[in-house]
Amino acid sequence: MKKQVTLLKEFTKGLWEINPTFKQILGTCPTLAVTVSVINGIAMALATTFVLVFSSLIISLVRKLIPNQVRIAAYIVIIASFVTIVDLVMKAQFQDLSKALGPFIPLIVVNCIILGRAEAFASKNGPLRSVLDALGNGVGFFIALVIMGGIREVLGSRTFLGYQVLPNGFEPWLIMILPAGAFIVFGLLMGFSNMYVERKKNLEREALIAQYRRVGREEITDDVLKEAGV
Amino acid sequence: MTDTQTLIEPKQKVYFDLTTSPHLHSKWSTSKVMWFVVAALIPSIIAAITFFGWMQIFIIITAVVFAVGTEAAIQSIRKKKVTWFDGSAALTGLLLALTLPPNFSLSATAIGSVVAIGLGKQIFGGLGYNIFNPALVGRAFLQAAFPVQITTWVKPNFAVDSVTSATPLAAFKFDKIFTDTVPMAIGNVGGSLGETSAIAVLVGGILLIAVGIVNWRIPLSMIIGMFLFGGLFWFINPQNPSPVFHIFAGSFLFGAMFMATDWVTSPITNKGMWIFGLGISLVLVVIRIYGGLPEGVMYSILFMNGFVPLINRYTKPTIFGVVKEEKK
């Protein structure tokens, strides 16, 4: 019997716990390439989230109709349809952004986050849960891209969303808008997020052990702690 | 009877130290070595101040202070033993400062020091765990972050006013002008603080080789490699610089004596050191002749640093007594 997760948890887990960028380390290609500025990151994240939510919904609806052997091909067709919609809309309405993002909008088709959620979640769960899961992952991706884009834009070109935030005396760090800067920022953020999670886990564990001691429970083994979920 | 008992049962309890190898101890401790290398850099510091003015001492002080400060800060945040006094951080800061151009901005120097220690060393776990030479990581970061300032060279003229001038390598690369060897050996040419004076570098380097801190194989293999590969390109096309120019221009000697010989980031086997040195020279000649940048000592050393674990693995010496398996 699978443990039933609340609907809210289905959404919030994507924000941090299984954040697609920092925890699953998926979709790093657009993460590293487009986060030169915040606005690029926002556009990329919104486009990806749109495709993610709708493809998850459709895949979850038709999951029982698709034969197991050809499921990936079927997912790709569904995802590609939504990517085409996004691509054409952006070309028609937001030409500058479309040019700035270049090939990365069509490349959403092969974005690992979308395929990953389709394979790992939408193909096994109902539509409501799939949409919530997709939305959570999309927002997680959005948060990651905005943080990365923010750091790189502020240090690399002194601006945030196009507004100058650092004085002229600050010499922009050119490396931040180069690929090397993307890797440095990405690695540091991933390291810090892991450090934070580890620390939180240790605190929970210690709190639980202390609680058990208070109650007078003698044997506190690893199995007992695992059962309690820490 | 009682005498034998006292012999068998000593008055003091004897403890046996049970430790893993190595059991042989050198007279050199880490901090002694580090401070000795710092001392060996004094001729280069004097040369830098002589040729580029006493103001350059501030670059050196800034780099050292921020390197040591970063080391102490990160170690205390991570609740590790603070070892800023062992000299390794100070040495990294000093090496970084000597690779910077004269009159480099102090704030950028500080950033470079923080990156060198933070990203180059402490993030891997501190002294002995880093893959890449920390000082060169800091300089590579500065090169990418501030490409204009770091290539603004100053003409050495013993005066306060400074005139921008090209380094011998840049002059060769962009204008096809060769600088004579004598001023390059003395150091009266444009370039980074510590690299211009070949004589000052050699004094410190030979001192280090003589006391055994630096293994002679790495500098020698780099120089031999320069004669081999640089000579080859020179032989094919005399328009290319001669090996002697290659050796005296830029930071080749500084890199050979102080950067490539870093204990942590160089191979541990003798055969590996030869491969390492020859590899650096090959990459360097290719960068200098075909690359977009005039100088490539930093990148070639960092590049070969990445191969060190592989070199160590492939040059692992056979254990004494092991019979080689016959190939079937």
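Here are the numbers for the structure shown:
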read-out: Matching residues in segment A:178-205 - criterion: being open to solvent by 60 Å² or more (accessible area, probe 1.4 Å), over 15 Å from A:Thr21 (Cβ atoms) and either within 12 Å of chain B (Cβ to nearest Cβ) or basic (Lys, Arg) (or both); value: A:Leu178, A:Pro179, A:Met195, A:Arg199, A:Lys200, A:Lys201, A:Arg205
read-out: Members of segment A:153-176 found to be assigned to a helix (DSSP H, G or I) and either of a type in the set (Ser, Thr, Tyr) or more than 12 Å from chain B (Cβ to nearest Cβ) (or both), listed by number; value: A:Glu153, A:Val154, A:Ser157
read-out: Members of segment B:250-265 found to be small (Gly, Ala, Ser) and open to solvent by 10 Å² or more (accessible area, probe 1.4 Å), listed by number; value: B:Gly250, B:Ser251
read-out: Search result, residues across segment A:46-101 that are surrounded by 14 or more Cβ atoms within 10 Å (Cβ to Cβ) and either in contact with an Asp or Glu (Cβ under 6 Å, 6 or more places away or on another chain) or among the acidic types (Asp, Glu) (or both); value: A:Asp87
read-out: Residues located in segment B:60-77, provided they are out of contact with any Phe, Trp or Tyr (no Cβ under 6 Å at 6 or more places or on another chain) and either open to solvent by less than 50 Å² (accessible area, probe 1.4 Å) or touching a residue at least 24 places away in the same chain (Cβ under 8 Å) (or both); value: B:Ile60, B:Thr62, B:Ala63, B:Val64, B:Val65, B:Phe66, B:Ala67, B:Gly69, B:Thr70, B:Ala73, B:Ile74, B:Gln75
read-out: Flag for A:Ala134 being within 14 Å of chain B (Cβ to nearest Cβ) and modelled with pLDDT of 90 or more; value: no
read-out: Residue match in segment B:47-63 (condition: at pLDDT 80 or above, at positive phi and outside any helix (DSSP H, G or I)); value: yes
read-out: Test for B:Leu96: is it away from chain A (no Cβ under 12 Å), open to solvent by 10 Å² or more (accessible area, probe 1.4 Å) and within 25 Å of B:Ala249 (Cα to Cα); value: no
read-out: Scan of segment B:120-138 for residues that are within 12 Å of chain A (Cβ to nearest Cβ), open to solvent by 10 Å² or more (accessible area, probe 1.4 Å) and within 17 Å of the chain's Cα centre (by Cα), ordered by number; value: B:Val137
read-out: Segment B:290-312: number of residues that are in contact with a helix residue (DSSP H, G or I) (Cβ under 6 Å, 6 or more places away or on another chain), among the aliphatic types (A, V, I, L, M) and open to solvent by 10 Å² or more (accessible area, probe 1.4 Å); value: 4
read-out: Residue within segment B:106-116 that is among the small types (Gly, Ala, Ser), out of contact with any Leu (no Cβ under 9 Å at 6 or more places or on another chain), away from every other protein chain (no Cβ under 14 Å) and buried (at least 18 other Cβ atoms within 10 Å of the Cβ) present; value: no
read-out: Count of residues meeting criterion [polar (S, T, N, Q), surrounded by fewer than 17 Cβ atoms within 10 Å (Cβ to Cβ) and under 19 Å from the mean Cα position of the chain (by Cα)] in segment A:115-174; value: 0
read-out: Inter-residue pairs, beta-carbon under 7 Å, first in contact (Cβ under 8 Å) with a residue 60 or more places away in the chain and in a helix (DSSP H, G or I) and in segment A:42-69, second basic (Lys, Arg) and surrounded by fewer than 17 Cβ atoms within 10 Å (Cβ to Cβ), 6+ apart; value: none
read-out: Options B:Ile287, B:Ile268: the member that is in contact (Cβ under 8 Å) with a residue 40 or more places away in the chain and aliphatic (A, V, I, L, M); value: B:Ile268
read-out: Neighbours by Cβ (under 8 Å, 6+ apart or cross-chain): first from segment B:144-155, farther than 13 Å from B:Phe52 by Cβ and away from chain A (no Cβ under 13 Å); second open to solvent by less than 40 Å² (accessible area, probe 1.4 Å) and of a type in the set (D, E, K, R); value: none
read-out: A:Phe142 of a type outside the set (Gly, Ala, Ser) and in contact (Cβ under 8 Å) with a residue 40 or more places away in the chain; value: yes
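For every residue, the table says whether it meets (1) within 17 Å of the chain's Cα centre (by Cα); (2) assigned to a helix (DSSP H, G or I); (3) over 30 Å from B:Arg313 (Cβ atoms).
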residue: B:Thr179; (1), (2), (3): no, no, yes
residue: B:Ser221; (1), (2), (3): yes, yes, no
residue: B:Phe229; (1), (2), (3): no, yes, no
residue: B:His246; (1), (2), (3): no, yes, yes
residue: B:Phe254; (1), (2), (3): yes, yes, no
residue: B:Pro267; (1), (2), (3): yes, no, no
residue: B:Trp274; (1), (2), (3): yes, yes, no
residue: B:Gly279; (1), (2), (3): yes, yes, no
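One line per residue, one yes/no per condition, for (1) open to solvent by 50 Å² or more (accessible area, probe 1.4 Å); (2) free of Cβ contacts under 8 Å to residues at least 60 places away in the same chain; (3) among the aromatic types (Phe, Trp, Tyr); (4) over 21 Å from B:Phe174 (Cα atoms):
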{"site": "B:Ala198", "(1), (2), (3), (4)": "no, yes, no, yes"}
{"site": "B:Ile206", "(1), (2), (3), (4)": "yes, yes, no, yes"}
{"site": "B:Trp216", "(1), (2), (3), (4)": "yes, yes, yes, yes"}
{"site": "B:Phe233", "(1), (2), (3), (4)": "no, yes, yes, no"}
{"site": "B:Pro241", "(1), (2), (3), (4)": "no, no, no, no"}
{"site": "B:Phe248", "(1), (2), (3), (4)": "yes, no, yes, no"}
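The values are calculated or read from the model by the stated rules, or taken from the named source; none is laboratory data. Note that the coordinates shown come from a computational prediction; the quantities given were computed from them, not determined experimentally. Cβ sites come from the backbone with ideal geometry, for glycine too, and all protein chains shown count toward neighbours. Calculation scope for accessible area: heavy atoms of the full protein, side chains included, ligands and nucleic acids excluded. Shrake-Rupley method; radii C 1.70, N 1.55, O 1.52, S 1.80 Å.
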